[in-house]
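The values are calculated or read from the model by the stated rules, or taken from the named source; none is laboratory data. Note that the structure is predicted; figures quoted are calculated from it, not measured. We place every Cβ from the backbone using ideal geometry, glycine too, and count neighbours over all the protein chains shown. Note: accessible area is taken over every heavy atom of the protein model, side chains too, but ligands, DNA and RNA are not part of it. Shrake-Rupley method; radii C 1.70, N 1.55, O 1.52, S 1.80 Å.
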Amino acid sequence: MPSGSTLPDVLLLSWLAQGTADDSDITPYGEEQAVRVHNALSRMHFDSLFSSPLKRAHTTSEVIWQGREGSCIYTESLKEAPLGWLQGMTNADAAKKDPEQFKIWREDPAKFSLMVATRC
């Protein structure tokens with residue numbers, strides 16, 4: 001049995017519609033995806049599941065972990081990073097607001113600055 005981590009990416013980010021990341025709910029589509037991940041992983045053994053404590057991630061982890069033994073561990077270190085001026089924007093809106101910084105964020109995030117795009 002392979003060891004290590006499995007990180008399913010199952011969420012459709014509802015903050016794109018709601019404008020916030022920390023208290024957003026999982027979307028119905030995101031919940032469907034979580035059920036699919038639960039089913040796909042049902043025959044694999046895991047000792048624990050690590051999740052962000054944010055509402056959307058917590059709900060997703062509960063769906064994925066349902067019926068399993070072991071720990072569901074919620075840790076602050078897995079919370080989403082604040083995105084400053086990008087927070088709550090769609091990709092299209094962010095690209096319009098500051099195309100240069102948006103490109104850096106997508107292609108070379110280590111060089112991205114949250115402080116740059118303060119212009120209207």
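If I filter the stretch 30-77 down to residues being under 14 Å from the mean Cα position of the chain (by Cα) and open to solvent by 90 Å² or more (accessible area, probe 1.4 Å), which single residue comes out as farthest from Met89 (Cα to Cα)?
Per the criteria, the residue is Phe50.
Out of curiosity, is Glu80 of a type in the set (D, E, K, R) and at pLDDT 80 or above? If you could, list the steps in order and put the result at the bottom.
Details: of a type in the set (D, E, K, R): yes; at pLDDT 80 or above: no.
So Glu80 fails the test.
Being touching a helix residue (DSSP H, G or I) at 6+ places or on another chain (Cβ under 9 Å) and either of a type in the set (A, V, I, L, M) or surrounded by 15 or more Cβ atoms within 10 Å (Cβ to Cβ) (or both) is the filter here; which residues of the stretch 80-96 pass it?
Leu83, Trp85, Leu86, Gln87, Gly88, Met89, Ala94, Ala95
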